[in-house]
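> Quick one: the structure is below, questions incoming.
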Protein chains: 4
Amino acid sequence: MSIQQRPKYKQIIDAAVKVIAENGFHRSQVSKIAKRAGVADGTIYIYFKNKEDILVSLFKEKMGQFVEKIEAEIKEKKDAKEKLLTMVKVHFDQLAADYPLAIVTQLELRQSETEIRMAINNVLKKYLHVIDGILEEGKQQGVFRDAIDIRLARQMIFGTLDETVTNWVMNDHKYELRDLADPVGDLLVNGLSR
Amino acid sequence: MSIQQRPKYKQIIDAAVKVIAENGFHRSQVSKIAKRAGVADGTIYIYFKNKEDILVSLFKEKMGQFVEKIEAEIKEKKDAKEKLLTMVKVHFDQLAADYPLAIVTQLELRQSETEIRMAINNVLKKYLHVIDGILEEGKQQGVFRDAIDIRLARQMIFGTLDETVTNWVMNDHKYELRDLADPVGDLLVNGLSR
Amino acid sequence: MSIQQRPKYKQIIDAAVKVIAENGFHRSQVSKIAKRAGVADGTIYIYFKNKEDILVSLFKEKMGQFVEKIEAEIKEKKDAKEKLLTMVKVHFDQLAADYPLAIVTQLELRQSETEIRMAINNVLKKYLHVIDGILEEGKQQGVFRDAIDIRLARQMIFGTLDETVTNWVMNDHKYELRDLADPVGDLLVNGLSR
Amino acid sequence: MSIQQRPKYKQIIDAAVKVIAENGFHRSQVSKIAKRAGVADGTIYIYFKNKEDILVSLFKEKMGQFVEKIEAEIKEKKDAKEKLLTMVKVHFDQLAADYPLAIVTQLELRQSETEIRMAINNVLKKYLHVIDGILEEGKQQGVFRDAIDIRLARQMIFGTLDETVTNWVMNDHKYELRDLADPVGDLLVNGLSR
DNA sequence: GATGAATGAGGGTTCATTCAT
DNA sequence: TATGAATGAACCCTCATTCAT
């Protein structure tokens, strides 16, 4: 069931993002999310199995859209280098455009129980596959070095982007995240090119 | 006050690492740490202000040693590239040699309140300065590109190492982390070199 | 309003017996009874004032039939002793023939609030009157001792039957309840006879 | 650990009896019991595993004493009939002397989950063994009929006593329970004698 | 310094009941 | 009549911290 067709489902997820971004993960009680969503506490449990399910669903919905957007934009590029640069740009663009979401995904959701984080990791796999695809294409096109280990390169790319965004969030987005897309992209491309 | 001079202080910190590694952050109550350390619950509060203080102190002590070891090893190298490669190697070596500590720093401690993680980040600053030093030296030596933004490069380096170790921990250290030191180091050096 | 004329009323009561027998009193939510009866949750409240009313009505309907059956059978007997023996037999017969009902009346309904049990006790009064009638008749006929206190004898009879059936239910009806009718009847008659 | 040696344990159990007798089982929250016992809510959980454990322990302690008293008194009697009459007398005496306890055991505790009632039944087994002992002795002494089925007779005795006390409680102990000991005892003895 | 019994605030979840359709 | 989505009050238990000994 998508976000569009169930208004309360969407309301609750959006409320959860705001409440967690504003109060921090541990001060975000279900009752606070319900109040912010304009529904009763019990209504939450019509749409979600439990509190954990809100968080995982939140991540699925938001990251689903996130990755779809990235996939759509890189599909139009031919060159693996351009795909990578585009990916970095769209990655930063989306989080810069939704600061509360950035707080939640970069900081707050990581405080959750190991179980939730496992579910979150599953959602992330799709993104990691996109990265792997670019890397393999780059090797076939001869723009990335053959010797590159896909897994390590993927960890470098994801680790770099993640660390960059987390630092931006922790510094209260004092600077423009979008301005970092090009230099960070260059850094990564440089590390991979022949 | 150093670890050596206060036996119970050290006992408690070491107990905390073991308990958190074995039980996970959320199942690591103060009473469990006390029991494992062989002291009474109340004794904890003679050596630490509160539970948060145990975690931050743990990180300070362990990361202090961690960074000192890295500093000592790279001091003997002249070339910035070699310093970087050595740093990666010693970073991986130390965590591979102490798996419980790796679990705690890579996974469990990140579940703590945002405030604790801010304190932890302060402790990390010393490590980040070491990285910055290598980068600046590399630019002066002419081995790293002039155009490189120190902050971004530092985030790439730290993000890559962190992501690599986290993946290794999450995969139950099924493979040898030490084997990744050379390829990961090469990847990073490649990204920075002229 | 009798069971016959309102199909949904009957459906709901029969569903309640099944649901409570299968799930136990505390796991028998109104919504579960509604689903089993094939009606919407809200429909329940057209036929019953509240959940308590379902339980009391259930007891009224089922115990009404139960006592009517007993009255009909003993009417055909002349001798008070025979009436008593018949009563025991029909009491056991009916519950042995409807095990779910036995579970509900002997075990599950007793977990209800004291108030509901008071209402249930009111329903039982009719049965207790039947017992009293037999006892008085027996004293008039000279087959039961004059000195017998009606109230105490009634409590002995009802207590004995109740305890016997409850034990049978608690032992998962491993043995034939009907086989106990004669020996239990004899025991009681012996206690009352001159 | 007996009641005497742990003052808080005893306080909590005694408070539970009073609170349940006054408020009814379902309105007896742990916090209410704690307040009545003069301890903090958390203290309850030092002495009891959970709420259920309070109830089962309550029953064990109180019924343990109850049965011990009965055993001690009948030990002094030789004749099985006298033992039975004494048992009835001491049974009624004890509950008449502690009306709150009578409310709790006869009415309120029966509203508990099936699991608790199973534990309670285990405690009762000791009492049922005492009854069985008297019955067997009576048969050996030739005062009770040989044909008597021990299990059925035990159910008659326990059922009669239980029903009698429950009726007394439900009638707000308007009459003297102790006055019923002799007539009820006679009724039972009559039912068993040759 | 060391102990450990005692404290008490805090929150996820259930479910009987309502009411707009 | 019938529906079923929505409501919101109610409660057991955990665990960081204290303090009398």
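> Filter region A:50-62 down to residues that are farther than 13 Å from residue A:115 by Cα and open to solvent by less than 20 Å² (accessible area, probe 1.4 Å) and give me whichever is farthest from DNA strand F (Cβ to nearest atom).
A:59
> Still on this structure: Under the condition of being under 22 Å from the mean Cα position of the chain (by Cα) and at the interface with another protein chain (Cβ under 9 Å from one of its Cβ atoms), which residue from region B:115-152 is farthest from residue B:56 (Cα to Cα)?
Among those residues, the one meeting the criterion is B:152.
> Could you please let me know if residue D:77 is more than 16 Å from DNA strand F (Cβ to nearest atom), more than 25 Å from residue D:170 (Cβ to Cβ) and within 14 Å of chain C (Cβ to nearest Cβ)?
It is false that residue D:77 is more than 16 Å from DNA strand F (Cβ to nearest atom), more than 25 Å from residue D:170 (Cβ to Cβ) and within 14 Å of chain C (Cβ to nearest Cβ).
> Any residue that is β-branched (Val, Ile, Thr) and within 30 Å of residue A:186 (Cα to Cα) - is there at least one of those in region A:49-58?
No, the conditions are met nowhere in region A:49-58.
> Return the residue satisfying two criteria in turn: it lies in region B:41-80 and is among the hydroxyl-bearing types (Ser, Thr, Tyr) and within 23 Å of residue B:100 (Cα to Cα), and of such residues it is farthest from DNA strand E (Cβ to nearest atom).
Keep residues of region B:41-80 that are among the hydroxyl-bearing types (Ser, Thr, Tyr), which gives B:43, B:45, B:47, B:57.
Applying the additional criterion that residues be within 23 Å of residue B:100 (Cα to Cα) yields B:47, B:57.
Numbers: B:47: 7, B:57: 14 Å.
Applying the filter and picking the extreme gives B:57.
> Same structure, new question: So which residues in region C:70-115 are open to solvent by 30 Å² or more (accessible area, probe 1.4 Å) and not in a helix (DSSP H, G or I), if there are any at all?
Matches in region C:70-115: C:76, C:77, C:78, C:79, C:98, C:113.
> Within region A:163-194, which residues are facing chain B (nearest Cβ under 8 Å) and either of a type in the set (A, V, I, L, M) or at positive phi (or both)?
Scanning region A:163-194 gives A:170, A:180, A:184, A:187, A:188, A:192.
> Would a scan of region B:157-169 turn up a residue that is polar (S, T, N, Q) and more than 15 Å from residue A:152 (Cβ to Cβ)?
Step one: list which residues in region B:157-169 are polar (S, T, N, Q), which gives B:160, B:164, B:166-167.
Next, only the ones that are more than 15 Å from residue A:152 (Cβ to Cβ) stay: none.
Checking region B:157-169: not a single residue is polar (S, T, N, Q) and more than 15 Å from residue A:152 (Cβ to Cβ).
> Moving to a separate point now. Checking the structure you have, find out if any residue of region B:31-40 is within 14 Å of chain A (Cβ to nearest Cβ) and either within 9 Å of DNA strand E (Cβ to nearest atom) or over 20 Å from the mean Cα position of the chain (by Cα) (or both).
no
> Can you spot a residue in region D:86-96 that is among the basic types (Lys, Arg), farther than 29 Å from residue C:179 by Cα and more than 14 Å from chain C (Cβ to nearest Cβ)?
First, the residues of region D:86-96 that are among the basic types (Lys, Arg): D:89.
Pick out the ones that are also farther than 29 Å from residue C:179 by Cα and you get D:89.
Imposing the further condition that a residue be more than 14 Å from chain C (Cβ to nearest Cβ) reduces the set to D:89.
For region D:86-96, residues among the basic types (Lys, Arg), farther than 29 Å from residue C:179 by Cα and more than 14 Å from chain C (Cβ to nearest Cβ): present.
> Can you find a residue that is in the same structural domain as residue D:78 (by TED's automatic domain parsing) and touching a Phe, Trp or Tyr at 6+ places or on another chain (Cβ under 6 Å) anywhere in region D:122-139?
Yes, that holds for at least one residue.
> Output yes when any residue across region C:54-67 is in contact with a Lys or Arg (Cβ under 7 Å, 6 or more places away or on another chain), modelled with pLDDT of 95 or more and of a type in the set (Ser, Thr, Tyr), and no when none is.
no
> Would you please name the residue that is nearest to the chain's Cα centre (by Cα), looking only at residues in region C:153-172 that are part of a helix (DSSP H, G or I) and of a type in the set (Asp, Glu)?
Only one residue fits best here, namely C:162.
> Looking at residue B:158, is it at the interface with chain A (Cβ under 8 Å from one of its Cβ atoms), within 18 Å of residue B:74 (Cβ to Cβ) and open to solvent by less than 60 Å² (accessible area, probe 1.4 Å)?
For residue B:158, the condition - at the interface with chain A (Cβ under 8 Å from one of its Cβ atoms), within 18 Å of residue B:74 (Cβ to Cβ) and open to solvent by less than 60 Å² (accessible area, probe 1.4 Å) - is met.
> Sticking with this one: Inside region D:8-29, can you point out the residues that are more than 14 Å from chain C (Cβ to nearest Cβ) and farther than 19 Å from residue D:61 by Cα?
Within region D:8-29, the subset more than 14 Å from chain C (Cβ to nearest Cβ) is D:8-19, D:29.
Within region D:8-29, D:29 is the sole residue that qualifies.
> Would you pick out the residues in region B:14-32 that are crowded, with 21+ Cβ neighbours inside 10 Å and near DNA strand F (Cβ under 8 Å from one of its atoms)?
B:28
The values are calculated or read from the model by the stated rules, or taken from the named source; none is laboratory data. All values reported here derive from a predicted model rather than from experimental measurement. Cβ coordinates were reconstructed from backbone atoms using ideal geometry, including for glycine residues, and neighbour counts include every protein chain displayed. Calculation scope for accessible area: heavy atoms of the full protein, side chains included, ligands and nucleic acids excluded. Shrake-Rupley method; radii C 1.70, N 1.55, O 1.52, S 1.80 Å.
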